[in-house]
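Data block below; observations after.
The values are calculated or read from the model by the stated rules, or taken from the named source; none is laboratory data. All values derive from a computational prediction rather than experimental measurement. Using ideal geometry, Cβ is built from the backbone for each residue, glycine included, and neighbour counts are taken over all protein chains shown. Please note that ligands, DNA and RNA were not included when accessible areas were found on the heavy atoms of the full protein model with its side chains. Shrake-Rupley method; radii C 1.70, N 1.55, O 1.52, S 1.80 Å.
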Amino acid sequence: MNSQAAWFITGTDTEIGKTFVACALLHALRQQGLTAIAMKPVAAGCDAQGRNDDVERLLAASSFHPARELVNPYALRAAIAPHIAAREEGQAIDIQRIGACFAKLRTMADAIVVEGVGGFCVPLDESTDTTDLAAVLGLPLILVVGMRLGCINHALLTAQAINARGLTLAGWVANRIDPAMSRFDENLTTLRNRLDAPLIGVVEHAVTSLDAARRLQLPVQAASPAWAGPPAGQR
């Protein structure tokens with residue numbers, strides 16, 4: 001089976017709800033009768049058993065559990081920037097290895113959701129970052145905007161970075177991480193006017209991922225079912 005839909009989930013920052021939205025997207029896909037699985041290529045912050053909370057939540061929201069080493073090739077112990085955590089553990093994050101894991105996962109389900117780490121430009125080592133990973137996978141992106149003071153600047157800069165890499169911003173989600181945010185509606189309107197991508201959902205504060213799934217409209221743009229690797233020049 002070749003998966004028919006795939007997206008890369010990125011965010012305006014860390015701790016703005018990427019995993020929550022990724023889980024909601026998995027639920028939305030499953031509600032449409034599709035098998036949907038997740039991938040978290042790099043996770044920083046693991047317990048004594050090498051388990052990461054975000055990975056566990058993604059697995060719980062998936063249709064089934066593929067091999068953990070495919071879902072999360074790099075599980076780093078310290079909850080810090082991944083390039084620092086990897087260096088302290090003597091690891092090297094290989095985005096080509098991640099691409100190979102993704103290719104295997106892609107054959108297993110109708111849809112796959114890949115969640116990045118931190119914001120869009122987080123370093124993975126001294127010379128590569130998550131923009132390089134997104135480019136190697138070549139997937140359309142969904143941007144999670146943490147709705148709080150400063151989100152407009154963060155969202156527009158992230159969108160510019162996505163465009164600069166020649167990647168497609170398929171849609172964005174407004175996640176109300178600050179329920180007391182002043183002028184929420186005005187900020188939302190500004191983002192809708194300035195981001196060249198559809199708003200696929202507004203996630204209210206303190207709802208479940210199942211509730212959030214009902215508020216999401218799946219993006220029209222998804223990776224081709226005949227995906228043959230990253231865009232030319234990124235291989």
Only helical DSSP H runs with n ≥ 4 go in: add -39500 (n - 2.57) per run for the chain, normalise by residue count and round the 222 nm mean residue ellipticity to 500 deg cm²/dmol.
-10000 deg cm²/dmol
Tell me which chymotrypsin sites (Phe, Trp or Tyr not before Pro) from the stretch 1-73 have a DSSP coil assignment and no more than 10 other beta carbons within 10 Å of their own.
Phe64
Which value, in debye to the nearest 20, describes the size of the charge dipole of the stretch 64-150 about its Cα centre when Lys and Arg Cβ atoms bear +1, Asp and Glu Cβ atoms bear -1, and nothing else is charged?
240
Nearest-0.05 FRET efficiency for Gln160 and Thr35, computed from C-beta distance (R0 45 Å):
0.80
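So how do 47-57, 178-188 stack up, highest first, on mean other-Cβ count within 10 Å? Present the calculation step by step, with values, prior to reporting the outcome.
Details: 47-57: 14.5, 178-188: 13.0.
Ranking, from highest mean packing down: 47-57, 178-188.
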With θ set to phi - 60°, apply the Karplus curve 6.51 cos²θ - 1.76 cosθ + 1.60 along the stretch 124-138 and write out the HN-Hα couplings as whole Hz, x wherever there is a Gly or Pro.
10, 7, 6, 10, 10, 9, 5, 5, 5, 4, 4, 5, 5, 6, x
Answer with one residue from Gly45, Phe20, Ala92: the one whose Cα lies farthest towards the positive end of the charge dipole of the chain, charges on Cβ with Lys, Arg +1 and Asp, Glu -1.
Phe20
Taking the chain and dividing mean pair separation by its residue count, relative contact order in percent (alpha carbons under 8 Å, at least six apart):
28
With Glu204 itself left out, Lys, Arg at +1 and Asp, Glu at -1 over residues whose Cβ is under 9 Å from its Cβ give +1
So if I place +1 on the C-beta of Lys and Arg and -1 on the C-beta of Asp and Glu, and nothing else carries charge, what would the dipole magnitude of the stretch 1-154 be about its Cα centre? I want it in debye, nearest 20.
460
Per residue, how much accessible area does the chain have with a 1.4 Å probe, in Å²?
45
Packing-wise, with mean Cβ within 10 Å as the measure, how do 124-134, 160-170 rank, highest first?
124-134, 160-170
For the chain, give the percent of accessible area contributed by carbon and sulfur heavy atoms, probe 1.4 Å, rounded to a whole number.
48
The chain: spread of alpha-carbon positions along the three principal axes, whole Å, largest first, is 45, 40, 39
With every protein chain kept in place and a 1.4 Å probe, the residues Lys104, Lys18 fall, from largest accessible area down, as Lys104, Lys18
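Using heavy-atom solvent-accessible surface (probe 1.4 Å) with all chains present, what is the largest-first order of Ile80, Ile9?
Solvent-accessible surface, decreasing: Ile80, Ile9.
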